[in-house]
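Everything below concerns the one structure shown next.
The values are calculated or read from the model by the stated rules, or taken from the named source; none is laboratory data. All figures in this text were calculated on a predicted structure; none of them were measured in a lab. FYI the Cβ positions are ideal-geometry reconstructions off the backbone, even for glycines, and counts take in every protein chain you see.
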Amino acid sequence: MKKAIRYLVNDKNLIWFGENAFSHLKTFIAKGDYSSIFFVVDENTHDLCLPYLLQSLGDLPRCEVLEVEAGEDTKSPEVLVQLWMVMSELQADRHSLVINLGGGVITDLGGFLAGTYMRGLPFVNIPTSLLAMVDASNGGKNGINLAHYKNRIGLFQNPEAVCVIPDFLETLPEEEVRSGFAEMLKHGLIADAEYWKELIEFDIAEEVPTEEMIRKSIAIKQEVIDKDFREAGPRKVLNFGHTIGHAIESLSLETDSPLLHGEAIALGMITETHLSQKYAALSDPEAEEIRSVFEEIYQDVSFLAKAEDLMEVIQGDKKNRGDELRFTLITQIGNGVVDVPVSKEDIIEALKLTKILA
Ligand SMILES: O=C(O)C(=O)C[C@@H](O)[C@H](O)[C@H](O)COP(=O)(O)O
């Protein structure tokens, strides 16, 4: 394993990488003089990661473990209310620290739990999936789903620190790694053509991304967020593929075979590449290249839905304004553009081209 590097993301938010990350966390906890620590985990991270974390942290203030079921359904108001109740019964106070140990569901839910309890407790994210390492655990978006709208309720609040331990990836199922890889490909598409090239030469079916690649994705995301933490404008570029992707993901959650977030976003990016050709002057050769990359990596991923069901969710997307459906698109590989109004007819046409319509 490589030496950990303490990496300042902004004046509040620290990211520690690698094997010494937990010793930095230990020092951070000691300095914070917390009254108690609440670990938010799912059944997998409870069994596979928490024992290692607790052993590494050694003596701690009073600790409580809040375990929720793995899976996107857990990001719900019902689960959140239960967690608020348990925190209250266990007398979490303003001096408590929340540590979220898990994938994107845990960091989104746990961040929202911490950010709302007693108007906001400090929290630390320890992402255990690739998706959470390169995306969900950093950037300060926390939240839960409401009905079939993804992240409809939430807040912007940075974690105090993030511990990225790439070794956790070795234990992940292949499809989980591939799901996180979709967000890395997105980072190349919206901001860095060189990185895109590097990623498409990487064999994600055979290897897990390196620490350098993870750092690169985090740095791209952070550069965007530094300009626009609350997503008034430029941050929306990080949402490429997500208008369609979230609609697909939400509807798939209502079926017996839900897609992983990154799988749905991959389908979203294919569809939004069609829209980028029409609305953002993306060239035909680049559009072909993008689609062939996704179609190769995610060749077994498909989803069918009715146009009206997808449109209902798309119409509720956070980036829209009034009746105007606004998308993040790409003008060329390495450059995204935000707030592009798109017609309903063209969205349906793009969904047809991606073979999503039942
Ligand atoms: O951090 C952001 O901003 C993003 O849009 C990154 C997305 O990859 C991520 O999935 C995010 O949680 C989506 O947020 P939402 O606002 O579309 O719910």
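Just one residue in the set Asp323, Asp317, Asp339 is within 16 Å of the ligand (Cβ to nearest atom), assigned by TED's automatic domain parsing to the domain that holds Glu198 and over 28 Å from Glu175 (Cα atoms); that residue is Asp339. Taken together, Val237, Val224 contain a single residue that is under 25 Å from Cys163 (Cβ atoms), assigned to a helix (DSSP H, G or I) and within 11 Å of the ligand (Cβ to nearest atom), which is Val224.
So, of the residues in region 127-157 that are assigned to a loop (DSSP other than H, G, I, E, B), modelled with pLDDT of 95 or more and more than 9 Å from the ligand (Cβ to nearest atom), which turns out to be surrounded by the fewest Cβ atoms within 10 Å (Cβ to Cβ)? Only one residue fits best here, namely Gln157. So Gly115 passes all but one of these: (1) away from the ligand (no atom under 13 Å from the Cβ); (2) closer than 14 Å to Val81 by Cα; (3) under 15 Å from the mean Cα position of the chain (by Cα). Which condition number does it fail? If we test Gly115 against (1) away from the ligand (no atom under 13 Å from the Cβ); (2) closer than 14 Å to Val81 by Cα; (3) under 15 Å from the mean Cα position of the chain (by Cα), just (3) comes out false. Within region 166-173, not a single residue is within 12 Å of the ligand (Cβ to nearest atom), hydroxyl-bearing (Ser, Thr, Tyr) and out of contact with any Cys (no Cβ under 7 Å at 6 or more places or on another chain). Residue pairs whose Cβ atoms lie under 7 Å apart, separated by 6 or more positions or on different chains, with the first residue in region 302-320 and in contact (Cβ under 8 Å) with a residue 12 or more places away in the chain and the second away from the ligand (no atom under 16 Å from the Cβ) and in a loop (DSSP other than H, G, I, E, B), are Phe303/Ile356; Leu304/Ile356; Leu304/Ala358; Ala305/Ile356; Ala305/Ala358; Lys306/Ala358. Of the candidates Glu249, Glu176, Glu263, the single residue that is among the charged types (D, E, K, R), touching a strand residue (DSSP E or B) at 6+ places or on another chain (Cβ under 7 Å) and touching a residue at least 40 places away in the same chain (Cβ under 8 Å) is Glu249. Look at region 130-154: where a residue is assigned by TED's automatic domain parsing to the domain that holds Val98 and a partner is of a type in the set (Lys, Arg) and more than 10 Å from the ligand (Cβ to nearest atom), sitting 6+ places away or on another chain with Cβ atoms under 6 Å, you get Ile144/Lys75; Asn145/Lys75. For Glu254, the conditions (1) charged (D, E, K, R); (2) buried (at least 23 other Cβ atoms within 10 Å of the Cβ); (3) more than 12 Å from the ligand (Cβ to nearest atom) are fulfilled apart from (2).
Looking at region 190-197, can you tell me whether even one residue there is closer than 23 Å to Val301 by Cα, within 15 Å of the ligand (Cβ to nearest atom) and part of a helix (DSSP H, G or I)? Yes, because at least one residue in region 190-197 is closer than 23 Å to Val301 by Cα, within 15 Å of the ligand (Cβ to nearest atom) and part of a helix (DSSP H, G or I). For region 158-192, taking the residues that are more than 27 Å from Glu295 (Cα to Cα) and not hydrophobic (A, V, I, L, M, F, W, C), the one that is surrounded by the most Cβ atoms within 10 Å (Cβ to Cβ) is identified as Pro159. When Met184 is tested against (1) in contact with a strand residue (DSSP E or B) (Cβ under 8 Å, 6 or more places away or on another chain); (2) within 16 Å of the ligand (Cβ to nearest atom), exactly one condition is not met: (1).
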